[in-house]
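The values are calculated or read from the model by the stated rules, or taken from the named source; none is laboratory data. Keep in mind that this is a model prediction, so the values were computed, not measured. Because the Cβ atoms are built from the backbone with ideal geometry, glycine has one as well, and the counts that use them run over all protein chains shown.
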Amino acid sequence: MSPGIRAGYLRRLGVTDPGVPCAEGLFALQRAHLERVAYDNLDIQLGRPPGIDPERSARRIAAGGGGYCFHLNGAFALLLESLGYAVTRHAGGVTADAASRTVSGDHLALTVRVGGTGYFVDTGLGDGPHEPLPLREGTYGQGRFRYTMERLEPLEGEGPGWTYRNPGGPMPRVNFRDAPAAMADFAAMDTRLSTDAESPFVRTLALLRRDADGVDVLRGRVLSRIDPAKGTSERELAGQEEFHAVVEGVFGRRLDDLTPADRTALWAAACRSHEAWLSRRAAGA
C-alpha cells in the first residue's frame, strides 16, 4: 500500500496515530472501520462491480466508498499489513444453516496474530462483531451482543478451521478453514456475486453499519436500527432526497462522485428492491 493511500485510509477511519502493532491498536482500528466505512453494494447496483484488487479497494475507501467482504476485508488486511500486523486471509462461507460445516468461498475471513494471541478480525459482514474475537472456543459479549467461536471439524478433503456464530443475525454462521488463501482465490466468486441476476447483491440494494450499540441497515427503501437494548425499529424512506441523505448521513457513504443519472439509478434500484420485498412478504416468503 502506498503511503498516500494509507494516509487517506487512516483519515477516513479518523485515526491520526495507529501506533505499533498491539491488541489495543487492532481493536481500535476495527471499531473505527465498522463505524465509518459501510458495507454496501452500490457499485454493483449501478452495474459497475469494482473488482477485488485490495489497493483499488483501499483507494475507494479512502475516497469515501465502501463495499462488501472482498473489498472491505481485502483492503483492511492490506492496511493492517502496511502497519506491521501479521494477517492471514482465509476462504470462508456465510450461511443461514446453523448446522452447516461447509465453506462455500463466498466470504473472505481474516485472522491476525498480535501479542502472542490470534484473533478473528472482520469488517466485511455488516452486522458482525464490533471488535476482534479471540481464536479460542467460547462465547464473547460485546455490549448486549453475544458471539461464539467454535473449532470447525474437517470435512473430507478439507482441513480444520473455525466457526463464528452470531445467533441474532440473518446469517448466523460463518465457517472458515485454517489454510491461508490468496485474493485470487475469490475472483470467480466475486464475479458471480456481482453479476449473476440471482445473486442477493444484484437483487437487493443494501447498506449496513455497525457501532458499539447496534446496527443500521438499509435494504431497498426500509431503514432499520437493530439495538438489543431497545429492540428493532424501522421506517420506509419516502423519496429520493431522503434516500440520498440517509446513505450519506447514516452510513457515511459519499455520493459526490455520482452523476445525477447515477443518483436516479440508485433510487430506482432501491424502489425495485422494495417492491420485490413487498411481493415476497405478501406471498408469505
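Keeping to the stretch 219-238, report how many residues are in a strand (DSSP E or B) and either in contact with a helix residue (DSSP H, G or I) (Cβ under 9 Å, 6 or more places away or on another chain) or not acidic (D, E) (or both). Please lay out each step first, then the result.
Let us first name the residues in the stretch 219-238 that are in a strand (DSSP E or B), namely 219, 222-227, 231-236.
Narrowing the set further to residues that are either in contact with a helix residue (DSSP H, G or I) (Cβ under 9 Å, 6 or more places away or on another chain) or not acidic (D, E) (or both) leaves 219, 222-226, 231-233, 235-236.
Total satisfying the criteria: 11.
Filter the stretch 185-212 down to residues that are within 17 Å of the chain's Cα centre (by Cα) and in a loop (DSSP other than H, G, I, E, B), then give me how many there are.
Here the count works out to 5.
Within the stretch 244-270, count every residue that is without any contact (Cβ under 8 Å) to a residue 60 or more places away in the chain, part of a helix (DSSP H, G or I) and not aromatic (F, W, Y).
Here the count works out to 10.
Could you please find all residues in the stretch 152-182 being within 16 Å of the chain's Cα centre (by Cα), closer than 17 Å to V121 by Cβ and not in a strand (DSSP E or B)? Walk me through it before giving the result.
Let us first name the residues in the stretch 152-182 that are within 16 Å of the chain's Cα centre (by Cα), namely 164-166, 169-176.
Keeping just the survivors that are closer than 17 Å to V121 by Cβ gives 164-166, 174-176.
The answer is N166, and nothing else.
Being touching a residue at least 24 places away in the same chain (Cβ under 8 Å), β-branched (V, I, T), closer than 19 Å to M189 by Cβ and in contact with a helix residue (DSSP H, G or I) (Cβ under 6 Å, 6 or more places away or on another chain) is the requirement here; does I61 meet it?
On the way: touching a residue at least 24 places away in the same chain (Cβ under 8 Å): yes; β-branched (V, I, T): yes; closer than 19 Å to M189 by Cβ: no; in contact with a helix residue (DSSP H, G or I) (Cβ under 6 Å, 6 or more places away or on another chain): yes.
Here the answer is no, as I61 does not meet what is asked.
Take the stretch 5-61 and flag every residue that is of a type in the set (A, V, I, L, M), closer than 22 Å to G249 by Cβ and in contact with a Pro (Cβ under 8 Å, 6 or more places away or on another chain).
Correct list: empty.
Can you name the number of the only condition in (1) crowded, with 20+ Cβ neighbours inside 10 Å; (2) among the hydrophobic types (A, V, I, L, M, F, W, C); (3) touching a Pro at 6+ places or on another chain (Cβ under 8 Å) that V103 fails?
Among (1) crowded, with 20+ Cβ neighbours inside 10 Å; (2) among the hydrophobic types (A, V, I, L, M, F, W, C); (3) touching a Pro at 6+ places or on another chain (Cβ under 8 Å), the lone unmet condition for V103 is (3).
All but one of (1) within 22 Å of D127 (Cβ to Cβ); (2) at pLDDT 95 or above; (3) over 16 Å from the mean Cα position of the chain (by Cα); (4) β-branched (V, I, T) hold for T232; state the number of the condition that does not hold.
(2)
Are there strands (runs of 3 or more DSSP E) fully within the stretch 67-121 with at least 1 residues that are at pLDDT below 95? List them. Before the answer, list the steps.
On the way: elements: 86-95, 107-114, 117-121.
By residue number, 86-95.
So E81 fits all but one of (1) out of contact with any strand residue (DSSP E or B) (no Cβ under 6 Å at 6 or more places or on another chain); (2) surrounded by fewer than 23 Cβ atoms within 10 Å (Cβ to Cβ); what number is the exception?
Exception for E81: condition (1).
Kindly list the number of the only condition in (1) under 19 Å from the mean Cα position of the chain (by Cα); (2) surrounded by fewer than 17 Cβ atoms within 10 Å (Cβ to Cβ); (3) assigned to a helix (DSSP H, G or I); (4) not small (G, A, S) that fails for E241.
Of the numbered conditions (1) under 19 Å from the mean Cα position of the chain (by Cα); (2) surrounded by fewer than 17 Cβ atoms within 10 Å (Cβ to Cβ); (3) assigned to a helix (DSSP H, G or I); (4) not small (G, A, S), the odd one out for E241 is (1).
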